[in-house]
Amino acid sequence: MLAAVIERPGAVTVRQVPVPQAGGLALVRVGVAGICGTDRKLAAGAFPVAVPRVLGHEMTGWVELSGPGGAVPAGTPVVVNPAAFCGLCRECRRDLPQLCGRGGLLGRDLDGCFAEYVAVPETLLHPLPAEVTADQAALIQVLSTCVHAQSGLAVSPDCSAVVIGLGVSGLLHLQLLRARGVRAIVGVTRAAWKHDLALACGASLVVAPDEAAAAVAQVTGGHGADIAIESAGTAATLAQAIRLAGPGATVLAFGAVRTADGLPAYEGYLNELTIRWPRASRPRDFDTAIRLCAERRLDLAPLVTGRFPLPEVARALAASADPEQLKVVLDVAAP
């Protein structure tokens, strides 16, 4: 089969490799694979990985050979949870499979989905109903992480929210907040071209970062946002989220901020803020994401802005780093 393989740090080649042996796993034929920043960092050698390694972790496809339990029959369209978990450790038994120390991520710890086939435990398979389109399905893995992040938020129609950073995840957060009934939502972005798309995704107001404080004050009557979601992944935007949050608010640190010196901790103390640092998603978050798409409560298709065939993975990785793109996908196989 054809696969995109990390041969050494900074070197990804597309070449023929053996079809993975199912051997207690389900074999899935890959349809569409999404590209994210983690893939770029793995390909560039920024994250350590044992080589050779097939890249990729966001995917949908069809079951080619069902797993030993036969839970998902051959031919079933599925989205694959890329975070393998053991189901037996302390974290798994505490309903935290996304934190399983014995697990791993496709494309980093296990061979991934930038290939014609991938073998995974059948516990990672989530069947897709006919109501979910191919473009929606391509974003369900990302959506599941946003669902997980918001699952701990107390939301009501009279809440106010601000979302900082309107990439794919930020735009999905806007849609989820709107679907949950939040009416006052400020979107914050440096990209003027995202203005109309953000409004369509649910923002009631879209502003540049230097206008955010005034905009949040405007829509909240000066109280500050009840929910502040940081989705850009920088210490500066996390600090901004803390400053825009009102008394008793929740700050969702969704972007992967590796270090965060200089945060306005005293402002967080004065407002008695709750700061949540969600990671990945659980199986039930996938099920919720699929249901929301099937019920047409979200519109994911406009967020797919670039498509490439598998042999052009180098071009696809480069395109995904372009700030004018949102989600770039690889079209691996047709139904």
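Quick rundown of the values:
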{"item": "Environment charge at residue 42 (Cβ cut-off 11 Å; Lys +1, Arg +1, Asp -1, Glu -1)", "result": "+2"}
{"item": "Residue 86-residue 324 pseudo-label distance in nm [points 7 Å out on the Cα-to-Cβ vector]", "result": "4.9"}
{"item": "Among 300, 153, 42, residue whose mean-square fluctuation peaks in a GNM of the chain (springs only between Cα atoms under 10 Å)", "result": "153"}
{"item": "Share antiparallel - DSSP beta bridges, the stretch 60-176, percent rounded to 5", "result": "90"}
{"item": "The chain: antiparallel DSSP beta bridges as a percent of all, rounded to 5", "result": "55"}
{"item": "Percent carbon-and-sulfur accessible area, the chain, ignoring ligands, DNA and RNA, probe 1.4 Å", "result": "53"}
{"item": "222 nm mean residue ellipticity, helices alone, for the chain (DSSP H n ≥ 4; -39,500 (n - 2.57); rounded to 500)", "result": "-7500 deg cm²/dmol"}
{"item": "Prolate/oblate/rounded label for the stretch 139-194 (Cα gyration tensor, a/c 1.5)", "result": "oblate"}
{"item": "Surface per residue (accessible, 1.4 Å probe) for the stretch 234-285, Å²", "result": "56"}
{"item": "Length added when fully stretched, residue 93-residue 307, from 0.36 nm per residue minus Cα-Cα", "result": "73.1 nm"}
{"item": "Under 15 Å, Cβ to Cβ, from residue 228 - net charge with Lys/Arg +1 and Asp/Glu -1", "result": "-2"}
{"item": "The stretch 58-72 and the stretch 1-24: distance between their alpha carbon centers, rounded to Å", "result": "19"}
{"item": "Cα centroid separation, the stretch 205-244 to the stretch 281-306 (Å)", "result": "25"}
{"item": "Contour excess over end-to-end distance, with Cα ends at residue 130 and residue 102 and 0.36 nm allotted per residue", "result": "6.7 nm"}
{"item": "Cα-based helix-to-principal-axis angle, 283-294 vs the chain, degrees rounded to 10", "result": "80"}
{"item": "Sites excluded, GluC sites (Glu not before Pro) in DSSP loops with at most 15 other C-beta within 10 Å, longest stretch of the chain", "result": "132-271"}
{"item": "Cα convex hull of the chain, projected area averaged across orientations, nm²", "result": "16.4"}
{"item": "Charge context of residue 304, other residues only, Cβ under 10 angstrom, K/R +1, D/E -1", "result": "+1"}
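The values are calculated or read from the model by the stated rules, or taken from the named source; none is laboratory data. Keep in mind that what you see is a predicted model, and the values were worked out from it rather than measured. Cβ: placed from backbone, ideal geometry, glycine included. Neighbour counts: every protein chain shown. Side chains are part of the model used for accessible areas, which takes the heavy atoms of the whole protein and leaves out ligands, DNA and RNA. Shrake-Rupley method; radii C 1.70, N 1.55, O 1.52, S 1.80 Å.
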